[in-house]
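Everything below concerns the one structure shown next.
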């Protein structure tokens, strides 16, 4: 693997030569400080841009173009990392060993059209496209309770991160206020006021020239003030909401305080892996295997938000018992067994190595490495190995179990 | 060991069958870190009534037992946590059950040989006790609840249930909480002994491995074990009428908007593997031509307020039947249904999309070979369905003919239909 880093205008460009794939994959990233509104507006923008553009003014025409170009694939996503929001757009296509020679140029042209030449006129998007995107997002928000796990997690985020970016989710009241004109302004804001990065990976991409695509793009820089620091509440905050569903969902929140960079980058993944990141974790072994309380129970660490969330799908009557056991498991993390520690290091380093078998993992993770100022995967693997059992036990003193949200189902199944 | 050259793609898949009947496929991918092994039995939720090995009469087993058995094979006599053992050797292990297969797999980047032996030993050392069978019922009960909690999954499950009369495909793979309550360790052993004989199983290995070394490891492992003489597995012959079991059902759930699902049940004749492979292409291509991304069908439904926000279609192809499902938060049942029927009966303007989807299939086939997991899935799917690998898929796509496609589509009979309506609960 060979990475060439350069700047085209103000756009940071990473070209990653990797031989083992048959496709080329790339993405353009637009980063800005996050606002509450962005969770809703950016979702609409993504939906509209990916659906049609000026050159292909219907979804049908855009899709015909994709198939004509050997099933070229375009997608978009949004991520919030701490105090920053990133909208990114991806393309993926077979490289020219398997296509005609002009395929990549055509794919890049369409990619440019999708992002920078939307289906809009008179400073607003095509009215039908705007209404369609809005209707789809409205229904998705309205039906959130049908996705019990996702709803419970959102409610937990609200609880633990009130008035911080942790609590930001798409909202109906914000959606109602969005007009076609205001959304177009927000689109221009994204295009003109973001810190822009571009990453492409595939065979011989360092020999390719993307300057034509990049030269018109505006980019500015933002300070990297990433971390969100939620306040640690003194008393455990326990909330319950009833709904008429089958399965109850318990979401538990943990807050992290004063982690060093080494702890948040290297020790926290090990802590989380031992706590609840897989079928060898303590949560899995105790909540599922020993007490048969659930099918799925896991934890996830968000280092930029300084939180860990735990999820378990359970029966109503097992709520108290499950919460008690989760508290006990978290409490027991001040003592780590040598065996589980070693397994965890192996697990994390293996996942990092295996991630290199998927082409898209040479794209988004490289952007994140730049965002977090992190090392590349091979260096990361070496640094993870420097973590000690003592480091994990010490980290447990900086982790506090503070909140739970119980989404209580009412129906019983057959 | 037989070499199967994949035409147009510079790849070889090795195939070998051991004396005990176990078939092994190995595809070398030296450029990748990941090494995968799948150990699969041709036994799934549809094999629910059969003559257990060494018995004379048919026996009907509780629904969901194949999936239950899948869970229980992770249990070992020494009470070791098998997940931890795999993890120590860099492996992630899991399993899954479908209608016609159950497979156990791991992926790793180091210690492949020890992981492979562990996987084979795990699957070939069943250990069921009354206690560990009871323990699993709570866990699987929550798995069932998790899926049933989703209204879209309910639509899908109900369409299957009402479309089929006798075929066990009508039931959910995991069964219901009530079904799994009656599963005993004796049931599990009977199913295991019938379907987990090496001659009913196969191994698929993909990654940076040496095919001769891997084969030697498997051979030595199998030689140490004794298996009874293989007997023919006798599944109960199911006679399924072409008509649906129930044409309409209305249920109430906690949904934010009414949801409706339509199912079209179509009988599939038995064909040769290549003709069956082509038929799958015809079916997917036809439905995508009518309802997929090259149409504005869904968009128009939303714009015209016939559907609130989403509309899905899906062809579900099993050995004997095709069930096409349509679902969404449908506002105008009659008009949407008519539009679907009109589309299905309209055979004009199929040519342009046919050529585009042909191009897409060729591209996707090439892309499949840049991911060890998708190659493994392809091998498993082919062998489970056809008992052989098709080595010239690329050529088949290249030469697929529009006229043959059109002739096949003309034979589809869309008259056997079922419908599910999920209404909102009052007070929601």
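Ranked for footprinting exposure by Cβ neighbours inside 10 Å, fewest first, B:357, B:386 give B:386, B:357.
Under Stokes-Einstein, with the Kirkwood radius over Cα pairs standing in for Rh, what whole-number D in µm²/s applies to chain A at 4 °C and 1.567 mPa s?
Details: Rh = 23.3 Å.
Result for D is 56 µm²/s.
Placing pseudo-labels 7 Å out from each Cα toward the beta carbon at residue A:355 and residue A:209 gives an inter-label distance of 3.4 nm.
Let me make sure I get this right: for the stretch B:1-108, a, b and c are the square roots of the gyration tensor eigenvalues over alpha carbons, sorted descending. Under 1.5 in a/c it's rounded, otherwise prolate if a/b > b/c, else oblate. Which is it? If you can, show how the numbers build up before the last one.
Working: a/c = 2.33, a/b = 1.35, b/c = 1.72.
Oblate is the answer for the stretch B:1-108, as a/c is 1.5 or above yet b/c matches or exceeds a/b.
Relative contact order of chain A: 23 percent, from C-alpha pairs under 8 Å at least 6 residues apart in sequence.
Only helical runs count toward this figure. For chain B, summing -39,500 (n - 2.57) over DSSP H runs of n ≥ 4 and dividing by all residues gives -13000 deg cm²/dmol at 222 nm. Taking a ≥ b ≥ c as the square roots of the eigenvalues of the alpha carbon gyration tensor, the protein assembly as shown is rounded, as a/c is under 1.5.
Using only the alpha-carbon atoms, how far is helix B:351-368 inclined from the longest principal axis of chain B? Give it as 0 to 90 degrees, nearest 10. Rounded to the nearest ten degrees, it is 20. Among the residues of A:340-353, the average count of other protein chain beta-carbon atoms within 10 Å of the residue beta-carbon is 4. Estimated translational diffusion coefficient (Stokes-Einstein, Kirkwood radius over Cα pairs, 4 °C, 1.567 mPa s) of the stretch A:2-214: 70 µm² per second. Springs between Cα atoms under 10 Å define the GNM used for chain A, and in it the highest mean-square fluctuation of A:80, A:147, A:42 occurs at A:147. For chain A, the mean residue ellipticity at 222 nm estimated from helices alone is -11500 deg cm²/dmol, where every DSSP H run of n ≥ 4 contributes -39500 (n - 2.57) and the total is divided by all residues, rounded to the nearest 500. Computed from Cα atoms, the angle from the helix B:151-163 axis to the main principal axis of chain B rounds to 90 degrees. Among A:14, A:361, A:273, the residue with the largest mean-square fluctuation in a Gaussian network model of chain A, with springs joining Cα atoms closer than 10 Å, is A:361. Among A:280, B:256, a tally of other beta-carbon atoms within 10 Å of each Cβ gives an order, fewest to most, of B:256, A:280. A simple spin-label model places pseudo-atoms 7 Å from Cα toward Cβ; at residue B:165 and residue B:303 they are separated by 4.3 nm. Comparing Cα centroids, the stretch A:321-370 and the stretch A:212-288 end up 12 angstrom apart.
Who wins for biggest fluctuation among A:276, A:245, A:313 in a Gaussian network model of chain A, springs between alpha carbons below 10 Å? Top of the fluctuation ranking is A:245. Distance from the Cα centroid of the stretch B:317-369 to that of the stretch B:132-156 is 30 Å (rounded to whole angstrom).
Classify the stretch A:66-144 from the C-alpha gyration tensor, please: rounded if a/c falls under 1.5, else prolate or oblate depending on whether a/b exceeds b/c. It is prolate, given that a/c is not under 1.5 and a/b is the larger ratio. Taking every DSSP bridge with both residues inside the stretch A:237-409, close to 75 percent are antiparallel. Other protein chain C-beta atoms within 10 Å of residue C-beta, averaged over A:141-148: 5. With contacts taken as Cα pairs under 8 Å at a separation of at least 6 residues, chain B carries a relative contact order of 22 percent.
Across the stretch B:119-268, Cα pairs under 8 Å and at least six residues apart give a relative contact order of 37 percent. Maximal additional length on extending the residue B:424-residue B:398 stretch stands at 4.5 nm, based on 0.36 nm per residue less the C-alpha distance. Our estimate of slack between residue B:58 and residue B:284, defined as 0.36 nm per intervening residue step minus the Cα-Cα distance, is 77.7 nm. Reported to the nearest whole Å, the Cα centre-to-centre distance from the stretch A:90-122 to the stretch B:238-266 is 42. Helix B:112-123 and the long axis of chain B differ in direction by around 80°, with both axes built from C-alpha atoms. Once both labels are positioned 7 Å from their Cα atoms along Cα-to-Cβ, the gap between residue A:385 and residue A:78 label points is 4.1 nm. Here the stretch A:237-409 has an Rg and Dmax of 16.9, 49 Å, counting Cα atoms alone. The mean number of Cβ atoms from other chains found within 10 Å of a Cβ in peptide A:153-166 is 0, as a whole number.
Each residue in A:121, A:75 was given a count of other beta-carbon atoms within 10 angstrom of its own, and listing them fewest first yields A:121, A:75.
A short reminder: the numbers here are calculations on the coordinates, not readings from a lab. Because the structure is predicted, anything quoted here is derived from the model rather than measured. Methodologically, a virtual Cβ is constructed for each residue, glycine included, from the backbone with ideal geometry; neighbour enumeration extends over all protein chains shown.
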